[in-house]
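Participant: Provided herewith is a single structure, encoded as structure tokens, for subsequent inquiry.
Bear in mind that the values in this text are calculations on the coordinates, not laboratory data. All values reported here derive from a predicted model rather than from experimental measurement. Neighbour counts are summed over all protein chains in view; Cβ atoms, including those assigned to glycine, are modelled from backbone coordinates with ideal geometry.
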Amino acid sequence: MKDAILSHLSENYPWKDRLHWFASIGSTNDHLKELARLGAPHGTAVLSGRQTDGHGRRGRSFHSPEGMGIYLSFLLRPRCRPAQLMHLTCAAAVAVCDAVESSVGIRPGIKWTNDLVAGRRKLGGILTELSLTPAGMVDYVIIGIGINCHQQAEDFPSEIRDIACSLDMVSGKQNDPAALAAAMLEHLTGMNKELLSGKASILSRYRADCVTLGQEISLVRGDDVRHGKAVSLDEEGALVVAFPDGSIETVNSGEVSIRGMYGYV
Ligand code: BTN
């Protein structure tokens, strides 16, 4: 598989010697975190065809069965303060949409902030994690991406069967995870180049892909659930929500999750 991924990378891809492939692993994010602690350089990537402990935000598990998807984590070491990276997950989501579009010919939507969707079902997810130096600067960030590739509806566990989909399901053809992995590595490399200088442009592309905007949503904060409308995205990627009483709140992804009023999206 590693050779297949390498064969799809362009001649100019800068970090071919920083790819780590595992047929099976606990979590690509967790493994890459360990490599980062040991000093792994900018551009290191861990990829796998199966995770036994794949996870998303708030410790939710990410179903990662063998041979069905691609699970990828990418390490960057931007020299900046954490406040300069509030839009990181948005930037990664746009890069993954670009990669899926170039590799499969279908552009996913984004359910704010980190879910990739197609036809109102979840196609994949993104988990970004950040570590700081003792001085409070960014030491490294890890962008973890899981994409469902080959599943049919019956392959998903019953609890997510009605809300999940795969690239094969939405494209009606068999897709190539190696080509998709290479496209994600290329587009994440492109994203890295504009991450600090191109925030406004990244967020305007994110807005165009974000299916949450304009939707009636439920805002979930612990046990508290409020209904409102997602009206816009601010200049850091936070969601602006209008409530029926006329109040407006700007929410960050770390503090709330969003559900559609009538389903997952
Ligand atoms: C989510 O659905 O909330 C995010 C899921 C992110 C899953 C990816 S798969 C590769 C990487 N390794 C993990 O353990 N998580 C991310």
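Participant: Out of residues 5 or more away from Ala164 or on other chains, whose amide H comes under 5 Å of its own, with H placed 1.01 Å from N in the peptide plane?
Facilitator: Lys122
Participant: Separate question: Once you list every other residue whose beta carbon is under 14 Å from the beta carbon of Tyr264, what net charge do they have if Lys and Arg are +1 and Asp and Glu are -1?
Facilitator: Values: positive: Arg60, Lys111, Arg120, Arg121, Lys122, Arg161, Arg259; negative: Asp115, Glu159, Asp162, Glu216.
Overall, the nearby charge balance is +3.
Participant: Find how many whole Å separate the alpha carbon centroid of region 100-130 from the alpha carbon centroid of region 1-74.
Facilitator: What the calculation gives is 17 Å, centre to centre.
Participant: Separate question: Can you figure out the FRET efficiency of Cys80 with Glu154, using R₀ = 51 Å and their beta-carbon distance, to the nearest 0.05?
Facilitator: Working: r = 45 Å, r/R0 = 0.89.
In this case the efficiency is close to 0.65.
Participant: Quick one: net charge around Thr212, please, counting Lys, Arg +1 and Asp, Glu -1 for every other residue with C-beta under 14 Å from its C-beta. Let's see the in-between values first.
Facilitator: On the way: positive: Lys111, Arg120, Lys122, Arg207, Lys229, Arg259; negative: Asp115, Asp209, Glu216, Asp234.
Result for the neighbourhood of Thr212: +2.
Participant: How high is the FRET efficiency between Ser204 and Ile248 when r is their beta carbon distance and R₀ equals 22 Å, given to the nearest 0.05? If you can, show how the numbers build up before the last one.
Facilitator: Numbers: r = 21 Å, r/R0 = 0.95.
My answer for the efficiency is 0.55.
Participant: If you don't mind, another one. Which of the lysines could a cross-linker span from Lys199 if the Cα-Cα distance has to be under 24 Å and same-chain partners fewer than 8 positions apart are dropped?
Facilitator: Lys111
Participant: If you don't mind, another one. Express in nm, to one decimal, how much length is gained between Arg226 and Tyr13 on full extension, taking 0.36 nm for each residue of separation and deducting their alpha carbon distance. Numbers along the way, then the final one.
Facilitator: Values: separation 213, 0.36 × 213 = 76.68 nm, distance 4.56 nm.
Here the segment from Arg226 to Tyr13 would lengthen by 72.1 nm.
Participant: Moving on. When only DSSP loop residues count, what GluC sites (Glu not before Pro) in region 1-86 have their Cβ near at most 11 other Cβ atoms within 10 Å? Numbers along the way, then the final one.
Facilitator: Working: sites: Glu11, Glu34, Glu66; in loops: Glu11, Glu66.
Counting only loop positions with at most 11 other Cβ atoms within 10 Å, the GluC sites (Glu not before Pro) in region 1-86 are Glu11.
Participant: Which of Lys2/Lys122; Lys173/Lys229; Lys33/Lys173; Lys33/Lys229; Lys33/Lys122 have a Cα-Cα distance over 32 Å? Walk me through the numbers before you get to the answer.
Facilitator: On the way: Lys2/Lys122 26 Å; Lys173/Lys229 36 Å; Lys33/Lys173 35 Å; Lys33/Lys229 37 Å; Lys33/Lys122 26 Å.
Cα-Cα > 32 Å for Lys173/Lys229; Lys33/Lys173; Lys33/Lys229; rest within.
Participant: Quick check on the exposure proxy: order Cys165, Cys80, Cys90 from fewest to most C-beta atoms within 10 angstrom. Could the numbers behind the result be given before it?
Facilitator: Numbers: Cys165 22, Cys80 13, Cys90 28.
Listed from fewest to most nearby Cβ atoms, that is Cys80, Cys165, Cys90.
Participant: Can you run phi through the Karplus equation (6.51, -1.76, 1.60; θ = phi - 60°) for region 251-258 and list ³J(HN,Hα) in whole Hz, with x for Gly and Pro?
Facilitator: Per-residue couplings from phi come out as 10, 9, 5, x, 9, 9, 10, 10 Hz.
Participant: A further question on this structure: Relative contact order of the chain, please, whole-number percent, based on alpha carbon pairs below 8 angstrom and at least 6 residues apart. Don't skip to the end; give the middle numbers.
Facilitator: Numbers: 532 pairs, mean separation 45.9, N = 265.
Taking the mean separation of contacting Cα pairs over the length of the chain, I get 17 percent.
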